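These notes are about the structure you will find just below.
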Amino acid sequence: VSTQSTGYFKGHRDRVVSLSMSPVDETFLSAGLDHEIRLWDLRSNACQGLLRRTGRPVVSFDPAGIIFAVAHDTNTIKLYDIRTFDKAPFSTFQLDYPAIEWRTLKFSYHGKYLLASTNKNIIFLLDAFDGTRIQEYTSFSNKDGLALEACFSPDAHYVSSGSDDGTIHIWETSTGKEVTVLDGQSSPVTSLSWNPKMMMIASGATHLAFWIPLDE
């Protein structure tokens, strides 16, 4: 497979650790270890907006492309309106839990939930409107504090996450019950995504894998 870059977006002074593409237009967000969150437009390589926040930030657009979430510092998540990018957040959640660092952040397709993975073997399901902790998922391994991606199935009925032992864990969203473990990769699964229309999962470790259910 050949790939070709369509542009370079320069501005961060340290490694970029989080990206989120708008679902409605050609803008995207980036967050880096330089403590900056930047807004970009694919049609221009000039930065369109800049926020500075402490800690290791991660970002995510909501399904409407209007709200975006920033998780930073210890246990803090803030919600912003993209139309007033450089203004103060309109909502702030403080997770009541021993100190953790954020790794990935995802909205569910209907915008009701936020899925937040951490540097520990725990993923939080939060109410996207008030930050209430709804569920936790813990039956996976993350001994070295890796950025193991967690995501929703397209209907938000299931949550999945990679693990540092090469497995993929899938839980019922509401109950937290683990429904299956997919085993087949030999290194930590750090990237994970459901196909939006088909019953398929793509996972990334040292190699790319696609997973589909088998008829029994």
Per residue, how many Å² of accessible area does the chain show with a 1.4 Å probe? 53 Å²
Run the quick spin-label model on HIS207 and ASP25: label points 7 Å from Cα toward the beta carbon, then report their separation in nm to one decimal. 4.2 nm
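Kirkwood Rh over Cα pairs of the chain into Stokes-Einstein at 4 °C, 1.567 mPa s: D in µm²/s?
73 µm²/s
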Testing the spin-label approximation: label points 7 Å from Cα along Cα→Cβ at SER187 and HIS157. State their distance in nm. 3.5 nm
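Between THR180 and SER5, what length in nm is gained on full extension when 0.36 nm per residue of separation is reduced by their alpha carbon distance?
Between THR180 and SER5, full extension yields an extra 59.3 nm.
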Label point 7 Å out from ARG83 along Cα-to-Cβ: which residues of the stretch 4-35 have amide N under 20 Å? 22-29
Can you tell me the order of 16-22, 38-44, 72-78, 192-198 when each peptide is scored by its average per-residue count of other Cβ atoms within 10 angstrom, highest first? 72-78, 16-22, 38-44, 192-198
Per the 1.4 Å probe, what fraction of the accessible area of the stretch 1-113, in percent, lies on carbon and sulfur atoms? 49 percent
Could you bin all the Cα-Cα distances of the stretch 126-209 into 5 Å bins starting at 0 and give me the percent of pairs in each, rounded to whole numbers? 3, 15, 25, 24, 19, 9, 3, 1
ASN195 versus ASP165, label points 7 Å from Cα toward the beta carbon: distance in nm? 2.9 nm
Amide proton proximity set for GLY176, modelled H, under 5 Å, gap of 5+: none
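The values are calculated or read from the model by the stated rules, or taken from the named source; none is laboratory data. Quantities reported herein were computed from a predicted structural model and do not represent experimental measurements. We place every Cβ from the backbone using ideal geometry, glycine too, and count neighbours over all the protein chains shown. The area values use the complete protein model at the heavy-atom level, side chains included, leaving out ligands, DNA and RNA. Shrake-Rupley method; radii C 1.70, N 1.55, O 1.52, S 1.80 Å.
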